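Notes follow the structure.
The values are calculated or read from the model by the stated rules, or taken from the named source; none is laboratory data. For clarity, every value in this text was computed on a predicted model and none was experimentally measured. Ideal geometry is used to build each Cβ from the backbone, glycine not excepted, and the neighbour counts take in all protein chains shown. All accessible areas refer to the heavy atoms of the entire protein, side chains included, with ligands and DNA or RNA removed. Shrake-Rupley method; radii C 1.70, N 1.55, O 1.52, S 1.80 Å.
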Amino acid sequence: MKTAWRTLTGKIIALIAVTGWLGMSAGTRAAAQENLIVNGEFLANAGDFVSWPGVLNHESNPDQINNWANYYGTTIGLNGLGTAIGEGRDVFGPAFPGAQTYALLQHIGMLSQPLGGKYLPDQQYELSFDVAGRVTNPEGIAFWVRIAERDPLSEGGAVHVDSQILPTDSVQFVHYRFTFTAPASFAETPSIQLINPNQTEDDNTVCFANVKLVALPTPVYTNLLTDNFDTADTDDLNADLETRESGIFAPVSEWMTYGNSLADIPGYGITNGSVHLRRIDDTGNFIQVISPMMDFTGDFRLECDVTQTAPPETDSWLAVTVCGNGPVSSAAGGNNFSLLLRPNGQYILFDVSNAVGIGQLPPSWAENYHVRIEVQSNVIRLYVNDQPLSFGNGLDPNAGHNPTDGHHAYALSGAVSGHRYISFVNYAAATAVPALFTLDNLVVSQVPAPEKPDLAATEVLADSFSSEDSENLNNDLAERQTGVAATSSWTATGAGTSAVLVDNALLISNFGDTSEEAIGGMAYLANDLAPYERNRSFQVAVDISPVVTEGDSWGAIKVRQPANLSRWILASSGVSVFVRPNGTWGMSDGAEVVATGAITPATTYRVLIEVFTNLTYLTINDQAVLEGFTINSTEPYNYVSLISNAGPGSSGAAAAFTNFKFDTLGDLPRILPPQLSNPTYAAGEISFQFDSRQNVIYVVEYRDDLPGGDWLPLSNVVGNGATVTVTDATGTAQRFYRVRAVAGELAAE
């Protein structure tokens, strides 16, 4: 507790500022594994920093921080508990540095370190660090952290993970964590880069501590079905199912078949422990399909060995299809996703009948293709002989792939059902004789979703939209909103749309000419909710009731927008979730749709989005539909919009929104005690001032005697980063005041 006493004309006014420590939670971390960053704690030669203020080459200080390169040669050094510079060790740190040893970058600069041979392609990692600004800095100066193959001043070079440019906190260190997958290959040696991007030599200090890069544990896959086809040679694909199959779903009820060779010799069979599909005559084109009778619901990984023998110049292919709506499904046109492999090494990827990827593999691989297909949160990745397959490649380069993931990930379209049947297809034209396709070592398994961090939720803003019917979206704001960001106004936008309050809901309707194009309307919040976040983590929920008349209509919520402007769901930044009346849903990250799916149709959908820095969980009507998905939108802003879309020909379609709620996730931070000053008393009016912090809510309370009596509310003050004045027009000659800095529902006392 800090108490500031001021004497004024013989009167004593007690201005008591109460604050306290509420520790930061790092959330769920990776299991204890080797930190691939050498000297990420900055302790290796910290004791050699003996000369205040701790910068390199100053008097007796070293010329480097061990294992780190001062890339731009600017003012860099060490401060903090591990150094030996005495009382000045925290001179460059935040107000509450804690027991940290930290690197300081006083103005534009970069500390970098090449990553050694233990940093591997196609491995999932967690990058974490603590960052703060100097207490004397301007409010919220920027920092930047990346793993990349070139420094920011060079053109090109792959970026593996990027915090984007975010603001610092000059009160305390804030913990960040990013989960990502390294690219499938490295063109150059990647490095970790800690950057002060402020383009000035003024004192805009950024401090980094506890930099860690750890490989996440290899997921433990649950065996759903393994079939090694080890049985005596037979024409019966269902022979000895109980002995040759294992896994939770084993044995399947049967292997279904469709099509056949036109000759007397059977086209299906098990020979030498593998399935054979044979084309043995030249009578017309033909197709063979086999499929285990099992719907592998949810996320899964399929692995198998396939071979193909046919003249390379002929029209023939084998296919592995997933996410079908039935046990026997053809390729390149069925309701599924298909991987087609040709004898000449060409592959083609089909989302239903749409070719979304094409490429070339070595023709010799046709003798042994090891196929791996992974589906997680409706995003698919494919590998052949451990080589990731690319989407696009001569087709539409923006056809639904996620470009930040090296073109190796694809969000399945809504046309692909939520079912998970798999099938194997052999196609051969009349000239492709003989044609032989073999299948062996089939394994279907399930990977658990990443563990969700367990962080406490604190209400920032809730809006019930409970109001009398009104065209004013901000009618009765004070009565219907709660939380520290209340009251926050809504603004409607969109040509040919109408946004009103009706039946205790926000209703967005579309009345324009939609005969040729879609028309969308939205309502967006005026306030940026990012300052209320802890650990860059939040959850937002809303009930969406979309109504379709004609065409493709839906309702959506968009978060992490960089401004309170009209932003469509496929704008260049932000994350959107949209739902349709038929239960199909999708999520966009920036300009790309990155996940899709379907749930049981309902009148209303409760959409819950949970974001932990860049790890995202999506729940719709209490059903987890996306778990631990990595997003790229990590803007230092969080403006929110509610959106309705009317497809062509659907004028009058609407979406109603109710029960909006935004919570921050994580423990509350330490907040500086307000520095109280300039108390005055004149003509029954008392006033005083204090220096505020941007977007912190201060509650001013009073009572007329100490001790005894309850503290009574006087006013709430929203900090603006400058000096604010509090005035009490009902003040008496003696009154006691208390100022509390609050975050969420909890006072920092």
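Details
- Stretchable slack from Thr727 to Leu712, in nm (0.36 nm times residue separation minus alpha-carbon distance): 3.9 nm
- As a fraction of the 1.4 Å probe accessible area of region 175-328, surface on carbon and sulfur atoms comes out at 48 percent.
- Between Asp48 and Glu254, the FRET efficiency estimated from the beta carbon spacing at R0 = 56 angstrom works out to 0.15.
- Local electrostatic count, Val328, Cβ distance below 15 Å [Lys/Arg +1, Asp/Glu -1]: -1
- Stretchable slack from Asn720 to Glu34, in nm (0.36 nm times residue separation minus alpha-carbon distance): 242.7 nm
- The charge dipole of region 269-373, taken about its Cα centre with unit charges on the Cβ of Lys, Arg, Asp and Glu (plus for the first two, minus for the last two), comes to roughly 80 debye.
- Excluding ligands, DNA and RNA, the accessible surface per residue across region 53-161 is 39 Å² with a 1.4 Å probe.
- Carbon and sulfur %, accessible surface of region 430-544 computed with the full protein complex present, 1.4 Å: 44 percent
- Using R0 = 22 Å, the C-beta based FRET efficiency linking Lys118 and Ala69 works out to 0.70.
- Given charges at beta-carbon only (K, R positive; D, E negative), |dipole| of region 46-163 in Debye: 60 debye
- Net length available on complete extension from Asp691 to Glu139 is 197.5 nm, with 0.36 nm assigned per residue and the Cα-Cα distance removed.
- Region 283-312 and region 423-455: distance between their alpha carbon centers, rounded to Å: 6 Å
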